[in-house]
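Colleague: Sharing a structure, written as structure tokens. Questions coming.
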Amino acid sequence: MIFNGEIKEVIDGHLHIDGCYEDDGADFLNGFDEYIEKGPFRAVCIAALPSGKKGAANRDPSNNIMAAFCKIANPKVYAFGGLTYRNYPQDPDALGDMALDVQYKELMDIGFDGIKMLEGKPNLYRYVGNRLDSDMFDGFFAEAEKNGTHILMHACDPIEFWTEEYATPEYIAKGWSYVSDEYPKKEEIYAQVENILKKHPRLSLTLAHFYFMADDLCRLGALFDKYENLGVDITPGGEMYVSFEKNRDKTRDFFNKYSDRIMLGTDGSFPKCMRAMEWLADRTYRYITTNDTFMGFEDKYQTGLLLERDAQEKILSKNFIRRVSDSPKPINKAALKKYIEKYKHLIRDEKALALVEKYSEQLLK
Ligand SMILES: [Zn+2]
């Protein structure tokens, strides 16, 4: 049993189905059941990643579809859908009936609980090839702001990824090195995100991984003071926790002060070993709810913040409920069928397409 503490209602707001949809005979459909049963989870949320260029991950519309299937199969699963693209780079004029505000409406009609964006991660940013504050995204942000739709956005990455020291063949192969001029600089992405907020100040936006600002809490606090619906999640990035530990008292004060802006997430994914998921969940939970000293991220000891009880409850589930909804939205099967018909030609992997067809038969009758 993970989460052996007092708070018995937890939502892991940041999980993925990634890599592939089958793992030693088990498939994704109930891929998080074991995890949910191991802790006092009120619910979990899958952030779909339907955009990307290559690699093992099926980063195409199948990722939205599989997340929707998971919602049908399990009432404890929320899912954030993602925008998808015809080409990389994407010429905005060539989107046609896939304009991003149209996609947003389709995803909401299906019954997604919010939107996930990975477009601010420098490697995907480079593929998509459009500024985050450009007209291509603007209609979508305007609608999301108007409707109070929650957006979970990955923007930037740890600053180390822009240094020569990290530009090793291994990191370059993983797509984790941004020293080349083809990538935006960290501050350029920050500026674009702030332009989005200036234009849409009420946007319900949660920036993943503490917005990679764990080492500059004053700057993040100033953004929170300016934008009332802005938040972050504590999904590791181990480097975040190393920064927190360096200024533990200041970090605790920050977490207590802005406890209505911070949400739990782990980045656990299917398929992955349960042990890793349990470890991630245990470390993030204990960090919020205890003052235990334990071996934490990046092989360093860390000491939990033992936040005020009210702050613990908000971070572990109440903020998610307030910003997203009380329970996962039901899937509108007709809308999902329509989406599958429209987008299945963009599914690149034959196995994924076969699974979409199999579960359409089973679940969408
Ligand atoms: Zn993630």
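All of the numbers you see were taken from the coordinates with simple rules; none came from a lab. In this text, all values refer to a predicted model and were calculated from it rather than measured experimentally. Because the Cβ atoms are built from the backbone with ideal geometry, glycine has one as well, and the counts that use them run over all protein chains shown.
Colleague: Which ³J(HN,Hα) values in Hz, rounded to whole numbers, follow from the phi angles of the stretch 178-187 under the Karplus curve 6.51 cos²θ - 1.76 cosθ + 1.60, where θ = phi - 60° and Gly and Pro get x?
Modeller: 10, 5, 5, 5, 5, 9, x, 7, 4, 5
Colleague: Cut-off 10 angstrom, C-alpha nodes, Gaussian network model of the chain. Which of 12, 133, 181 fluctuates the most?
Modeller: For the chain, modelled as a Gaussian network with Cα springs under 10 Å, the answer is 181.
Colleague: Looking at this model, which pairs from 146/246; 174/250; 185/246 are more than 29 angstrom apart at the alpha-carbon? Each step should come with its number before you reach the end.
Modeller: On the way: 146/246 40 Å; 174/250 34 Å; 185/246 26 Å.
Where the Cα-Cα span goes over 29 Å, the pairs concerned are 146/246; 174/250.
Colleague: Over the stretch 199-268, what per residue volume does the convex hull of the Cα atoms give, in whole Å³?
Modeller: Details: hull volume 5.8 nm³, N = 70.
Convex hull of Cα atoms, per residue: 83 Å³.
Colleague: Relative contact order, percent, of the chain when contacts are C-alpha pairs under 8 Å separated by at least 6 residues?
Modeller: On the way: 666 pairs, mean separation 78.4, N = 365.
Over the chain, the number comes to 21 percent.
Colleague: Principal axis extents for the chain, Cα atoms only, whole Å, descending order, please.
Modeller: 53, 45, 44
Colleague: Okay, next question. Which GluC sites (Glu not before Pro) in the stretch 211-310 pass both tests, a DSSP loop state and at most 16 other beta-carbon atoms within 10 Å?
Modeller: Those satisfying the criteria are 228, 308.
Colleague: Only bridges whose two residues both fall in the chain count here: according to DSSP, what percent of them are antiparallel, nearest 5? Spell out each step's value before the answer.
Modeller: Numbers: 5 of 30 bridges.
About 15 percent, rounded to the nearest 5.
Colleague: Two decimals is fine: what is log10 I(q)/I(0) at q = 0.13, 0.19, 0.23, 0.25 Å⁻¹ for the stretch 169-241, from a Debye sum with one equal scatterer on every Cα and no solvent?
Modeller: Log10 of I(q)/I(0), two decimals: -0.46, -0.90, -1.14, -1.23.
Colleague: Beyond a 25 Å Cα-Cα separation, which of these cross-linked pairs lie in this structure: 76/318; 105/342; 116/365? Intermediate results must be reported in sequence, preceding the final value.
Modeller: Working: 76/318 15 Å; 105/342 14 Å; 116/365 28 Å.
Beyond 25 Å between Cα atoms: 116/365.
Colleague: Could you work out the Rg to Rh ratio of the stretch 301-365, with Rh taken as the Kirkwood radius (inverse of the mean 1/r over all Cα pairs)?
Modeller: Working: Rg = 20.0 Å, Rh = 15.7 Å.
Ratio value, two decimals: 1.27.
Colleague: When the helices in the chain are scored as -39500 (n - 2.57) per DSSP H run of 4 or longer and the sum is shared across all residues, what 222 nm value do you end up with, to the nearest 500 deg cm²/dmol? Provide the component values of the computation, followed by the final result.
Modeller: Numbers: 15 runs with 149 residues, N = 365.
Counting only the DSSP helices, I get -12000 deg cm²/dmol.
Colleague: Note down the net charge around residue 364, summing +1 for each Lys or Arg and -1 for each Asp or Glu among other residues with Cβ under 9 Å from its Cβ. Don't jump to the answer; show the numbers that get you there.
Modeller: Numbers: positive: 333, 337, 365; negative: 361.
Spelling it out: positives minus negatives among the neighbours equals +2.
Colleague: Then there's this: Assign unit charges at the C-beta atoms only (+1 for Lys and Arg, -1 for Asp and Glu), then state the dipole size of the chain relative to its Cα centre in Debye, rounded to the nearest 20.
Modeller: Details: 49 positive and 60 negative charges, 174 e Å.
Here the size comes out at about 840 debye.
Colleague: When the chain is modelled as a GNM with alpha-carbon springs shorter than 10 Å, which of 197, 83, 346 fluctuates the most?
Modeller: Highest fluctuation among the options: 346.
Colleague: What order do you get for 285-296, 249-260 when each peptide is scored by the mean count of other beta carbon atoms within 10 Å, highest first?
Modeller: Numbers: 285-296: 18.6, 249-260: 16.4.
Output ranking for 285-296, 249-260: 285-296, 249-260.
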